[in-house]
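> First the structure, then my questions, so here it is.
Since every read-out is calculated from the coordinates, none of them should be taken as a lab result. Being a predicted model, the structure only gives us computed values, none of them experimental.
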Amino acid sequence: MTELIENIRDKIDKKKVTSLCNKILKKCSFKSGKDLQNISALATWLYIYGYYDEMLKVCDLLKDMEFAGDYDIWFNPDMVMCLKSRVLRERGETEASQVLIDKINEHRHPELYENLVESYVVDMDINIAEELKNRPRSLADGWRFCKLQSAIRYREAGKFPVSDEKFDNDIEELTAILRQVK
């Protein structure tokens, strides 16, 4: 793991990537939600910047994790599996993508998705707009990042009551905006 993270840090000249790599190199426990969040965030920023091969390798750091009943911990392996599934699907590797989706959906409850629609469709956009009005842009980018991760997680796992087309448009738009972040 150390060699992979060092190589990514040395190769990719983006502050977000460098910062996350340094955090992971300093401390990384696969039982810590915060440490797993750093891995998930690194994979997401690599996706945003278009470093898909590196992203896949970072996602593989969590490939052997199993759900232990703690959704706060599980969110991060779930997120990286959705990212990996998306890239594999886009590359035409549908069987490998589906294996990940099946694993993800073992611990999802689609009957509860209806409760999350307003949060995704309305609340996140309100939060982004409020931050753009009243605070530094970086706070709006934080909400954009959150919405991007949600869009990828909901789109790839399926069964969410929002169209794939809406998710794909949101992902494209948010990625284009976030790609400008150094």
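> So what J values fall out for the range 9-22 if you push phi through Karplus, 6.51 cos²θ - 1.76 cosθ + 1.60 with θ = phi - 60°, rounded to Hz, Gly and Pro as x?
4, 6, 8, 9, 8, 10, 4, 4, 5, 4, 4, 5, 4, 4
> While we're on this one: Would you compute, for the Cα atoms of the range 1-107, the largest minus smallest coordinate along each principal axis and list the three values in descending order, in whole Å?
35, 32, 19 Å, listed from the longest principal axis down.
> With 31 Å as the limit, write out which pairs from LYS159/LYS182; LYS103/LYS166; LYS84/LYS133; LYS14/LYS63; LYS16/LYS84 have Cα-Cα distances beyond it, or answer none.
Too far apart for the 31 Å limit: LYS159/LYS182; LYS84/LYS133.
> Another one. If the reach is capped at under 14 angstrom between alpha carbons, list the aspartates and glutamates near LYS34, excluding any in the same chain fewer than eight residues apart.
Correct list for LYS34: ASP70, ASP72.
> What ³J(HN,Hα) values, in whole Hz, does the Karplus curve 6.51 cos²θ - 1.76 cosθ + 1.60 give for the range 162-171 when θ = phi - 60°, with x put for Gly and Pro?
Values, residue by residue: 9, 5, 4, 4, 4, 4, 4, 5, 4, 4 Hz.
> Given the range 49-133, report the % of alpha carbon pairs whose separation exceeds 18 Å.
In whole percent, the share of Cα-Cα pairs in the range 49-133 beyond 18 Å is 56.
> Ignoring solvent entirely, what values of log10 I(q)/I(0) come out of the Debye formula for the chain at 0.18 Å⁻¹ when each Cα is a single scatterer?
Evaluating at q = 0.18 Å⁻¹ gives log10 I(q)/I(0) of -1.31.
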